[in-house]
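Colleague: Below are the structure tokens for one structure; questions will follow.
The values are calculated or read from the model by the stated rules, or taken from the named source; none is laboratory data. Source: prediction; values computed, not measured. Note: ideal-geometry Cβ built from the backbone for every residue, glycine included; neighbour counts use all protein chains shown.
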């Protein structure tokens, strides 16, 4: 799983490594044989499946959460990148950048960033630390972060699909075991009548 | 209830249907927010057109950067193009998902009849 994220703020995309074949939901070939695996029969089989199902559901909600974080992060990095790129462009043109920045909620102040001051920018690394980079380095770092975030999003998507399959399979399997049990009972009832 | 055997292939079809259905909904959410963005961009572009100022303050990151109107137009155009391309992609993806789901529905309903429900709640 890609955990090489070197991000400006909290990576947030650490993938949970879901797509291991070890935890893939089992397709039940033969329902009767499957139930026979459990000493207590259908009831135990259903209970076991139910608990697996809950685990998949938990995993799914974790993945959804981490996806939402990543989906916020991507545009965030994109915005920062756009800002730094504009600064670089202005710097290369040798012109100053005039900005209005928010001092505190709803209060804006004017600022002039001269071309020479635009050589260096500070990137917020999190944990109350900002680090100085040359503008070019910053562009490079942010571009890399953006790629990593997108990659993590992709991994997350794949993991989510995998878990989705497991959930669907387990749902179908539970229904099949349940139906099989109903059928068995009906048959038994008929036999005793005769 | 008749005994219908769920084969491995059936299971795979059902799983695929579930995936497509998920993706379809995700895509339609993404589409909605992109359409909103497109509207906003259009509005911004109109505002610049009727503005008396030569400069516009364009929000980049967390600061408003003073840019010439032409430059702002260019920035907005770029964003618009990007959003439009994205919207197109989503449309295509949704159409593909939809037609594939229809195909799967035919197959699965033919086999399972009323024992399966593939409709939205």
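Colleague: Could you say whether any residue in segment A:36-54 is within 12 Å of another protein chain (Cβ to nearest Cβ), part of a helix (DSSP H, G or I) and either surrounded by 14 or more Cβ atoms within 10 Å (Cβ to Cβ) or without any contact (Cβ under 8 Å) to a residue 60 or more places away in the chain (or both)?
Modeller: Going through segment A:36-54, the residues within 12 Å of another protein chain (Cβ to nearest Cβ) turn out to be none.
Scanning segment A:36-54 turns up no residue that is within 12 Å of another protein chain (Cβ to nearest Cβ), part of a helix (DSSP H, G or I) and either surrounded by 14 or more Cβ atoms within 10 Å (Cβ to Cβ) or without any contact (Cβ under 8 Å) to a residue 60 or more places away in the chain (or both).
Colleague: Sticking with this one: Which of the residues spanning segment A:152-170 are more than 14 Å from residue B:19 (Cα to Cα) and within 11 Å of chain B (Cβ to nearest Cβ)?
Modeller: Listed by number, the list holds a single entry, A:170.
Colleague: Sticking with this structure for a sec: I'm trying to understand the selection: among the residues of segment B:1-44, which are at the interface with chain A (Cβ under 10 Å from one of its Cβ atoms), in contact (Cβ under 8 Å) with a residue 60 or more places away in the chain and closer than 30 Å to residue B:59 by Cβ?
Modeller: Within segment B:1-44, just B:30 meets the criteria.
Colleague: Ok, one more. Report whether or not residue A:12 is surrounded by 15 or more Cβ atoms within 10 Å (Cβ to Cβ), on the phi > 0 side of the Ramachandran plot and modelled with pLDDT under 90.
Modeller: Taking the combined requirement at face value, the residue satisfies it.
Colleague: Something else: Being more than 14 Å from chain B (Cβ to nearest Cβ) and either under 22 Å from residue B:61 (Cβ atoms) or in contact (Cβ under 8 Å) with a residue 60 or more places away in the chain (or both) is true for just one of A:76, A:105, A:92. Which residue is that?
Modeller: None of the others qualify; the one that does is A:92.
Colleague: Please work out if residue B:63 is closer than 30 Å to residue A:165 by Cβ, in contact with a helix residue (DSSP H, G or I) (Cβ under 9 Å, 6 or more places away or on another chain) and modelled with pLDDT under 95.
Modeller: no
Colleague: For segment A:112-124, which residues satisfy the criterion of being more than 26 Å from residue A:152 (Cβ to Cβ) and either away from chain B (no Cβ under 11 Å) or over 38 Å from the mean Cα position of the chain (by Cα) (or both)?
Modeller: A:112, A:114, A:115, A:116, A:117, A:118, A:119, A:120
Colleague: Looking for whichever is touching a residue at least 24 places away in the same chain (Cβ under 8 Å), under 30 Å from residue A:96 (Cβ atoms) and either touching a helix residue (DSSP H, G or I) at 6+ places or on another chain (Cβ under 9 Å) or in a loop (DSSP other than H, G, I, E, B) (or both) here; the options are B:87, B:76. Which one fits? Spell out the reasoning first.
Modeller: Numbers: B:87 fails: under 30 Å from residue A:96 (Cβ atoms).
Checking each option against the conditions leaves just B:76.
Colleague: Going through A:189, A:149, A:130 one at a time, which residue ends up being away from every other protein chain (no Cβ under 11 Å) and crowded, with 17+ Cβ neighbours inside 10 Å?
Modeller: A:149
Colleague: Can residue B:110 be described as within 30 Å of residue A:182 (Cα to Cα), surrounded by fewer than 12 Cβ atoms within 10 Å (Cβ to Cβ) and away from chain A (no Cβ under 14 Å)?
Modeller: Yes; evaluated as a whole, the condition is true for this residue.
Colleague: Okay, next question. Could you say whether any residue in segment B:58-69 is within 14 Å of chain A (Cβ to nearest Cβ), part of a helix (DSSP H, G or I) and either surrounded by 18 or more Cβ atoms within 10 Å (Cβ to Cβ) or within 16 Å of the chain's Cα centre (by Cα) (or both)?
Modeller: No, there is no match, as no residue in segment B:58-69 is within 14 Å of chain A (Cβ to nearest Cβ), part of a helix (DSSP H, G or I) and either surrounded by 18 or more Cβ atoms within 10 Å (Cβ to Cβ) or within 16 Å of the chain's Cα centre (by Cα) (or both).
Colleague: While we're on this one: Select from segment A:77-100 the residues that are within 22 Å of residue A:156 (Cβ to Cβ), surrounded by fewer than 20 Cβ atoms within 10 Å (Cβ to Cβ) and in contact with a helix residue (DSSP H, G or I) (Cβ under 9 Å, 6 or more places away or on another chain) and list them in ascending order.
Modeller: A:78, A:81, listed by residue number.
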